[in-house]
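All remarks here apply to the structure that follows.
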Amino acid sequence: MGFGSVDGYQRAFLREFGINPSEYALKPIPLYLFTPYDVKFRKTMKEEKRMETAKNVFIQVIEKPARKVIIKRGVKATEYFAYCEEVSCDVWGLLTSIKSIGGEPVCLWLPQTYRKAETSEYVQGVEVPTSYDGEIPDGFDVIELPKAKYLMFQGEPFAEEDYCKAIEDVTNAITKYDPIIIGYSWDKLNPRIQLEPVGTRGYIELVAIQKTPHTKQP
């Protein structure tokens with residue numbers, strides 16, 4: 001630490017903290033200790049440094065109730081643009097007309113369990129209560145999803161013309177995130193959910209999670 005002798009260190013410690021080092025060793029007390037920064041940070045601290053704007057992604061654990069989802073299946077689609085080519089983008093308008101428990105339609109990446117032969121992984125639909133007994137549009141199916149926990153990934157608000165970059169930022173965040181740090185693992189038995197990209201709120205995706213073994217339920 002740069003002291004020339006043990007005596008010099010002990011006197012400095014007593015003068016700064018009002019306690020002898022040996023007493024502190026036996027019974028530590030809270031102290032405002034100096035934290036030396038590594039040499040590599042000194043230039044950063046002293047000089048202004050311009051950086052690219054960081055894109056933040058907000059992450060939150062949410063719970064979805066058991067529900068039905070009225071869906072329109074595609075053929076081979078794994079993403080939005082291919083789905084629109086197969087089904088047409090007009091489906092969204094129809095789904096919007098059905099009252100949803102979430103307030104808006106959803107896009108889903110379906111696990112194999114919920115897929116029919118020769119139908120797409122990516123679908124659009126609307127979540128409704130399990131008690132829903134209303135009309136099902138021609139060509140639509142109904143699936144039932146269980147109560148499940150999700151990680152919601154929400155990006156920053158964006159200019160509407162930048163929606164592709166907004167989706168990319170959230171997708172990258174999901175790829176890099178390991179839910180084990182909060183005691184969960186990915187739940188691949190429940191669908192991944194995409195909400196409509198809206199610039200004023202940021203792009204949102206929800207990925208299902210489950211408690212890892214030996215982890216206590218909060």
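Each reported figure results from applying straightforward, stated rules to the coordinates on display, with no laboratory input. Small disclaimer: the values here were computed from a predicted structure and weren't measured. In this analysis, Cβ positions are derived from the backbone assuming ideal geometry, glycine residues included, and neighbour counts consider all displayed protein chains.
Can you grab the distance from the C-alpha centre of the range 139-218 to the C-alpha centre of the range 62-103, Å, no decimals?
Between the Cα centre of the range 139-218 and that of the range 62-103, the gap is 16 Å.
Provide the packing ranking of 84-94, 163-173, 15-25, i.e. peptides ordered by the mean count of other C-beta atoms within 10 Å per residue, highest first.
163-173, 84-94, 15-25
Would you work out which of SER131, ALA117, SER88 lies farthest towards the positive end of the dipole of the range 82-137, given +1 charges on the beta-carbon of Lys and Arg and -1 on that of Asp and Glu, about the Cα centre?
Value: SER131.
Which three extents, in angstrom, do the Cα atoms of the range 149-218 have along their principal axes, listed largest first?
45, 19, 19 Å, listed from the longest principal axis down.
Sorting check: for 125-131, 187-193, which peptide has the highest mean count of neighbouring beta carbons within 10 Å, and how do the rest follow?
Order by mean packing, descending: 187-193, 125-131.
Debye calculation, C-alpha points only, no solvent: report log10 I(q)/I(0) for the range 57-211 at q = 0.19 Å⁻¹, in the same order as the q values.
One equal scatterer on each Cα of the range 57-211 leads to -1.32.
Could you tell me the relative contact order of the range 103-211? Use alpha-carbon pairs under 8 Å, at least six residues apart, and round to a whole percent.
Reported relative contact order: 35 percent.
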